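Notes follow the structure.
The values are calculated or read from the model by the stated rules, or taken from the named source; none is laboratory data. Every value quoted in this text rests on a predicted model; they were computed, and no experiment measured them. Glycine gets a Cβ as well: all are built from the backbone with ideal geometry, and neighbour counts include every protein chain shown.
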Amino acid sequence: MAKSTILSVNDLTVTLDRGDRDVDLIRGVGFEVRAGEIVTLVGESGSGKSVTSRTIMGLMQLDRNISATGSIIFDGQQLVGHPEATAKLRGTELAMVFQEPLSSLDPVFPIEDQMREGLRRAHGRSSKQAEKAKMEELLREVGIRDTDRVLNSFPHQLSGGMCQRVMIASALSSAPRLLIADEPTTALDVTIQAQILDLIDRLREENDMSVLLVTHDMGVAADLADRVVVMYAGRVVEDSSPRDIFTAAQHPYTEGLLGCIPPMTGQRLEILPAIPGSVPDPAKLPGGCAFNPRCAFASDRCRTDDPPLLKLGGTHAACWHPRHAEDQTALLEGARA
Ligand SMILES: Nc1ncnc2c1ncn2[C@@H]1O[C@H](COP(=O)(O)OP(=O)(O)O)[C@@H](O)[C@H]1O
Ligand SMILES: [Mg+2]
């Protein structure tokens, strides 16, 4: 039986009112996350991954200058235009961990107080003893053994990796259906990164939770994921399985990101081949395909027409010149349809 869809994002556009003009930070983003799946959102810095995930959580829209259109259906419920419903889900069925664990923790309270707050938001009050037992259980679940020391510590007394484990434990305290992890390991060193990613993957399985993992690292994205959603300049440019990403990436941008995967030498000393240039400012997008100024395959059409996301075999890609030519017929048929 097909797994049920837990999150369905369609044609999501997030607009910033700058006073003088409106700027779209993300433009018609769409993807799905099914129950128990891990979907990765991947792209360079500035491509719109955090805006997308913070909009799903209802956090972007807390800014009066920011509005969202399109739809975000979570477990059958429309979240766009429903801030109260979203606020109820936040910290209960929908949980998020951020890139900088230290900045998400309050420096002046010990971990115990902060975790208790999360527990109470999810489950209401119970006895201090029962709450402590639950916190210890959650910390053990994320691989922390000296639970007493950690609960009594202030955030600055813990390492970055330990803080991120605490954040993940807190996020799990409400048994969320969907965990959004926005670059949860970017601030950590390499060995700890792998441990945290393994942890998220194990927790997903044990808790039958879905995960939307945001990363700029294609290696991480394609390694863990059931689906990989590639973003560029506020759009989805490819939506694919990890296998297709590695063997038949369609979009030249996806190919470029694959070139950025560190070689598995155990060292990170090599200078990685990067895509020349950088992600454009949402207020200054080039005409046509936003990637065209950086693309080795760009034609006149790419400079005038923005390609829609089209089906290419099992993959969707927004490119007039997909890299696997055998599928071009499908593209042309899609364009005609
Ligand atoms: N609150 C905001 N106000 C104005 N611009 C923003 C805001 N948040 C993000 N942006 C802009 O939106 C674009 C996408 O940002 P972001 O989603 O953070 O990228 P990513 O997470 O992929 O690195 C960037 O150009 C960023 O400067
Ligand atoms: Mg980000």
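Kindly list, by first and then second residue, each pair from a residue in the range 50-75 that is crowded, with 20+ Cβ neighbours inside 10 Å to a residue that is of a type in the set (G, A, S) and part of a loop (DSSP other than H, G, I, E, B), limited to pairs with Cβ atoms under 6 Å and residues at least 6 apart or on different chains.
Partner pairs satisfying both residue conditions: none exist.
This table checks each residue for (1) more than 16 Å from ligand 1 (Cβ to nearest atom); (2) among the hydrophobic types (A, V, I, L, M, F, W, C); (3) under 23 Å from V211 (Cα atoms).
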{"residue": "V29", "(1), (2), (3)": "no, yes, yes"}
{"residue": "T55", "(1), (2), (3)": "no, no, yes"}
{"residue": "G58", "(1), (2), (3)": "no, no, yes"}
{"residue": "E100", "(1), (2), (3)": "no, no, yes"}
{"residue": "F109", "(1), (2), (3)": "yes, yes, no"}
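Of all residues in the range 217-249, how many are in a helix (DSSP H, G or I) and within 15 Å of ligand 1 (Cβ to nearest atom)?
So the answer is 3.
Would you point out which residue out of T185, T191 is assigned to a helix (DSSP H, G or I), among the hydroxyl-bearing types (S, T, Y) and at pLDDT below 95?
The unique qualifying residue is T191.
Pairs needed: first member in the range 202-222, of a type in the set (V, I, T) and at pLDDT 95 or above; second member anywhere, within 14 Å of ligand 2 (Cβ to nearest atom) and outside any helix (DSSP H, G or I); C-beta distance under 6 Å; at least 6 residues apart or different chains.
V214/L41; V214/D182; V214/E183
Restricting to the range 194-211, name every residue that is among the hydrophobic types (A, V, I, L, M, F, W, C) and not in a helix (DSSP H, G or I).
M209, V211
I'd like to know if the range 41-49 contains one or more residues that are assigned by TED's automatic domain parsing to the domain that holds G219, among the acidic types (D, E) and more than 16 Å from ligand 2 (Cβ to nearest atom).
No, that holds for no residue.
Taking the range 274-292 as the search range and keeping residues that are in contact (Cβ under 8 Å) with a residue 24 or more places away in the chain and outside any loop (DSSP other than H, G, I, E, B), which one is farthest from G28 (Cα to Cα)?
If we take residues in the range 274-292 being in contact (Cβ under 8 Å) with a residue 24 or more places away in the chain and outside any loop (DSSP other than H, G, I, E, B), then A283 is farthest from G28 (Cα to Cα).
Looking at V214, is it within 16 Å of ligand 2 (Cβ to nearest atom), assigned to a helix (DSSP H, G or I) and closer than 30 Å to G118 by Cα?
No.
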